[in-house]
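A short worksheet on the structure shown next.
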Amino acid sequence: MNWFPILLVTHIILAVALLLPTVLLPFLLRRGDGRPGTVTRILMAMQGTGTLIIAAGLAVTGSAMLWILGPELLAQPWLLVALALYAINLVVAAFIGRPNLRRLIGLGSSSADDATWRSRVRRQRYIAYGMAGVIGVIGFLMSTKPDLW
């Protein structure tokens, strides 16, 4: 049986899942006294404890694909650019996105905090737009495999 298609789909799902909470949570978080919805709680759990599990699965599936396809795949320019963009996205998610989301969730419900919250969530949404754009570029590079140089 050829395991590569299953491995590829699993790898893509894990790669997107690693960045998904940072991209979606700024749009799902709402100011108010209500409890977060089910999707929001799942994304918050993914961003908290699930990150290491997803990253480990991503490393395992990526290594397995390199073992199947051969290490010469790492010499492909489109893959190097896509990996560099993904690494940049991970750094942005880890050092900008996650801390900002923690601050958003931790702000109180006073009216003075409300203006601060709106300002921070606006900035966080712009970060999420940028990350989503980079994910789109990575998807384009992976699907078209252009000859970059």
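The values are calculated or read from the model by the stated rules, or taken from the named source; none is laboratory data. What you see is a predicted model; the values in this text were computed from it and never measured. Because the Cβ atoms are built from the backbone with ideal geometry, glycine has one as well, and the counts that use them run over all protein chains shown. These accessible areas exclude ligands, DNA and RNA; they are computed on the full protein's heavy atoms, side chains included. Shrake-Rupley method; radii C 1.70, N 1.55, O 1.52, S 1.80 Å.
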Original post:
Of the numbered conditions (1) open to solvent by 40 Å² or more (accessible area, probe 1.4 Å); (2) in a helix (DSSP H, G or I), residue 82 satisfies every one except a single condition; which is it?
Top reply: (1)
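Do we find a residue being under 19 Å from residue 121 (Cβ atoms), part of a helix (DSSP H, G or I) and among the basic types (Lys, Arg) anywhere in region 33-45?
Yes, some residue in region 33-45 is under 19 Å from residue 121 (Cβ atoms), part of a helix (DSSP H, G or I) and among the basic types (Lys, Arg).
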Subject >> From the options 128, 64, residue that is under 19 Å from residue 25 (Cα atoms), surrounded by 13 or more Cβ atoms within 10 Å (Cβ to Cβ) and hydrophobic (A, V, I, L, M, F, W, C) >> reply: 128
Subject >> Residues within region 54-75 that are out of contact with any helix residue (DSSP H, G or I) (no Cβ under 8 Å at 6 or more places or on another chain) and modelled with pLDDT of 90 or more, tallied >> reply: 5
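Taking the conditions exactly as written (open to solvent by less than 60 Å² (accessible area, probe 1.4 Å), free of Cβ contacts under 8 Å to residues at least 24 places away in the same chain and among the hydroxyl-bearing types (Ser, Thr, Tyr)), does residue 119 satisfy them or not?
yes
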Original post:
Pairs under 9 Å by beta carbon, first residue touching a residue at least 12 places away in the same chain (Cβ under 8 Å) in region 34-62, partner exposed (fewer than 12 other Cβ atoms within 10 Å of the Cβ) and charged (D, E, K, R), six or more apart or different chains?
Top reply: 40/30
Original post:
Does any residue of region 14-27 turn out to be in a helix (DSSP H, G or I), of a type in the set (S, T, N, Q) and surrounded by fewer than 19 Cβ atoms within 10 Å (Cβ to Cβ)?
Top reply: no
